[in-house]
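Asker: This is the structure I have questions about; it appears just below.
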Amino acid sequence: MDKLLIRGGNALQGEVLISGAKNAALPELCAALLTDQPVTLANVPHLQDVATMLKLIRNMGVTADRQDDGSVLLNAGTLTNPEAPYELVKTMRASVLALGPLLARFGHAKVSLPGGCAIGSRPVDQHIKGLQAMGAVIDVEHGYMLARLKDGRTRLHGARIATDMVTVTGTENFLMAAALAEGETILENAAQEPEIPDLAEMLIAMGAKIEGHGTSRIRIQGVEKLHGCSHRVVADRIEAGTFLCAVAATGGDVFLRHARGDHLDAVIDKLRDAGATVDVQTEGIRVHSKAPAYGHLKAQNFRTTEYPGFPTDMQAQFMTLNAISQGACKVTETIFENRFMHVNELVRLGAKIQIEGKVAMVEGVQQLSGATVMATDLRASASLVMAGLVAQGETLVDRIYHLDRGYDKMEAKLRAIGADIERVK
């Protein structure tokens with residue numbers, strides 16, 4: 001099993017190319033299932049989750065070829081098996097995104113209940129309720145969702161769907177299913193994350209009729225058939241946010257090419273309040289900070305909420321920054337009930353953090369000390385790498401297969417801007 005060996009203390013300098021967003025690429029690969037014509041997706045990141053999704057849709061009979069320029073050529077005209085088996089989706093919750101497109105195009109689908117990071121309950125009941133409102137019959141048997149159209153119907157029908165909670169993958173599933181449904185679908189309480197309008201723009205390029213994407217109310221007028229398209233995956237705001245925090249923590253001056261400042265307002269505001277300099281430019285974001293963080297940065301209270309609030313996917317990384325900043329602060333996690341698993345590992349490195357329910361109380365320390373730590377989920381992995389970059393001595397991060405699920409060549413990008421980091425067996 002691979003690990004990352006990090007020797008802390010180096011300031012980061014230079015430029016990082018931000019990759020395409022995992023959370024946009026995965027639904028957009030599934031969107032290609034909606035048409036029998038070729039689709040080209042550009043800027044697809046090299047991630048384990050993407051590889052798993054490609055394996056999944058190839059298993060259905062889809063042609064999916066990676067190109068040297070980072071694009072993927074897809075053709076679902078060859079799709080013969082609308083099924084997502086457990087063996088291929090047990091490590092990736094995004095597999096549920098195949099349900100809507102398969103049901104909308106073929107009228108039936110068999111999709112395993114998904115897996116993924118152990119960060120808390122993420123039920124698929126909202127997906128099922130929404131698709132049932134559009135005329136689907138869905139039974140859950142032996143760990144699978146068995147979906148079909150009601151007797152006598154050849155297409156899903158439009159509906160008003162108001163989910164009990166904001167759900168990103170639910171909004172994406174409904175968007176894709178509604179694109180081929182008969183009549184109008186209105187999504188209330190829709191997720192507003194930047195990956196949602198990016199998916200909507202891809203669907204519009206395929207011939208879908210969508211309005212209001214990027215707001216909490218999306219209107220979709222279904223069409224009979226969608227065609228192929230070319231689409232570029234939006235830049236990964238969480239990768240960009242992770243590098244922003246890493247540079248702020250270690251000190252230095254780095255330009256994040258292709259990063260979108262308008263997708264990171266909440267994180268950038270907190271970084272500026274902490275004392276880092278963040279310059280949003282047309283081609284990317286420049287971040288500058290002085291070392292040590294304890295001498296120049298102030299700890300910040302924050303609370304995770306749905307977009308455009310502070311993202312739960314940045315909570316662990318910013319907590320690491322708070323752990324080495326001056327002062328005490330409170331971090332409140334409202335999205336997932338089990339997303340403080342990185343705290344015990346940060347404490348092993350010398351951080352002072354106490355948990356009370358959904359709140360972590362953080363008291364900044366001047367220096368972390370290297371040790372062996374274990375990654376427990378994707379974003380926890382990134383926070384531990386960050387901690388290793390500033391810790392005194394050597395830090396060994398175990399179980400980095402979590403990191404490979406969501407970060408494209410992270411250690412290579414960090415090494416190119418001055419980090420002393422290597423992958424070891």
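The values are calculated or read from the model by the stated rules, or taken from the named source; none is laboratory data. Computed from a predicted structure; not experimentally measured. Note that we place each Cβ from the backbone using ideal geometry, even for glycine, and neighbour counts take in every protein chain shown. Ligands, DNA and RNA are excluded from the accessible area calculation, which covers all protein heavy atoms including side chains. Shrake-Rupley method; radii C 1.70, N 1.55, O 1.52, S 1.80 Å.
Asker: How about region 97-120: which of its residues are modelled with pLDDT under 75, open to solvent by less than 30 Å² (accessible area, probe 1.4 Å) and among the hydrophobic types (A, V, I, L, M, F, W, C)?
Answerer: C117, I119
Asker: Going through region 141-156 one residue at a time, which ones are open to solvent by less than 80 Å² (accessible area, probe 1.4 Å), within 30 Å of the chain's Cα centre (by Cα) and not hydroxyl-bearing (S, T, Y)?
Answerer: Passing the criteria: G143, M145, L146, A147, L156.
Asker: For region 143-150, indicate whether the set of residues that are at pLDDT below 95, within 29 Å of G357 (Cβ to Cβ), of a type in the set (K, R) and not in a strand (DSSP E or B) is non-empty.
Answerer: no
Asker: Pick out the one residue from A276, A240 that is open to solvent by less than 40 Å² (accessible area, probe 1.4 Å), over 30 Å from G207 (Cβ atoms) and touching a helix residue (DSSP H, G or I) at 6+ places or on another chain (Cβ under 6 Å).
Answerer: Result: A276 is the single residue among A276, A240 that is open to solvent by less than 40 Å² (accessible area, probe 1.4 Å), over 30 Å from G207 (Cβ atoms) and touching a helix residue (DSSP H, G or I) at 6+ places or on another chain (Cβ under 6 Å).
Asker: Among the residues of region 146-168, how many are in contact (Cβ under 8 Å) with a residue 40 or more places away in the chain and in contact with a helix residue (DSSP H, G or I) (Cβ under 6 Å, 6 or more places away or on another chain)?
Answerer: Total meeting the criteria: 3.
Asker: Within region 335-353, is there a residue that is of a type outside the set (V, I, T), closer than 19 Å to G252 by Cβ and touching a residue at least 40 places away in the same chain (Cβ under 8 Å)?
Answerer: no
Asker: Further, regarding this structure: So which of P27, P45, P85, P38 ends up being open to solvent by 10 Å² or more (accessible area, probe 1.4 Å), under 24 Å from the mean Cα position of the chain (by Cα) and either of a type outside the set (G, A, S) or within 27 Å of C245 (Cβ to Cβ) (or both)?
Answerer: P85
Asker: To continue, here is another question. What is the one condition in (1) over 25 Å from L88 (Cα atoms); (2) under 18 Å from the mean Cα position of the chain (by Cα); (3) of a type in the set (S, T, Y) that T169 does not satisfy?
Answerer: (1)
Asker: Of everything in region 200-227, what is crowded, with 19+ Cβ neighbours inside 10 Å and either in a loop (DSSP other than H, G, I, E, B) or aliphatic (A, V, I, L, M) (or both)? Give them in sequence order.
Answerer: Correct list: A200, M202, L203, M206, A208, I210, I218, I220, G222, L226.
Conditions (1) hydroxyl-bearing (S, T, Y); (2) open to solvent by 50 Å² or more (accessible area, probe 1.4 Å); (3) within 20 Å of the chain's Cα centre (by Cα), marked per residue:
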residue: K129; (1), (2), (3): no, yes, no
residue: G135; (1), (2), (3): no, no, no
residue: I161; (1), (2), (3): no, no, no
residue: E188; (1), (2), (3): no, no, no
residue: D198; (1), (2), (3): no, no, yes
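Asker: What number of residues in region 172-186 are over 25 Å from the mean Cα position of the chain (by Cα) and not aliphatic (A, V, I, L, M)?
Answerer: Adding up the residues that qualify gives 4.
Asker: Looking at M361, M386, which one is open to solvent by 40 Å² or more (accessible area, probe 1.4 Å) and either farther than 28 Å from I18 by Cα or in contact (Cβ under 8 Å) with a residue 60 or more places away in the chain (or both)?
Answerer: Matching residue, one of M361, M386: M361.
Asker: Where in region 3-109 are the strands (runs of 3 or more DSSP E), entirely inside, with at least 2 residues that are within 13 Å of V233 (Cβ to Cβ) and out of contact with any helix residue (DSSP H, G or I) (no Cβ under 6 Å at 6 or more places or on another chain)?
Answerer: 38-42
Asker: Sticking with this one: V280 passes all but one of (1) free of Cβ contacts under 8 Å to residues at least 24 places away in the same chain; (2) in contact with a Gly (Cβ under 8 Å, 6 or more places away or on another chain); (3) under 18 Å from T312 (Cα atoms); which number fails?
Answerer: (3)
Asker: Which residues, counting only those in region 215-261, are of a type in the set (S, T, N, Q) and over 27 Å from F174 (Cβ atoms)?
Answerer: If the condition is that a residue be of a type in the set (S, T, N, Q) and over 27 Å from F174 (Cβ atoms), then T242, T250 are the ones that fit.
Asker: When both residues are 6+ apart or on different chains and their Cβ atoms are under 7 Å apart, which pairs have a first residue that lies in region 246-263 and is free of Cβ contacts under 8 Å to residues at least 40 places away in the same chain, and a second that is open to solvent by 10 Å² or more (accessible area, probe 1.4 Å) and assigned to a loop (DSSP other than H, G, I, E, B)?
Answerer: Qualifying pairs under 7 Å: none.
Asker: Could you list all residues from region 313-330 that are open to solvent by less than 20 Å² (accessible area, probe 1.4 Å) and closer than 17 Å to L244 by Cβ?
Answerer: M314, Q315, A316, Q317, F318, M319, T320, L321, N322, A323, I324, S325
Asker: Of all residues in region 169-195, which are in a helix (DSSP H, G or I) and more than 18 Å from V124 (Cβ to Cβ)?
Answerer: A179, E195
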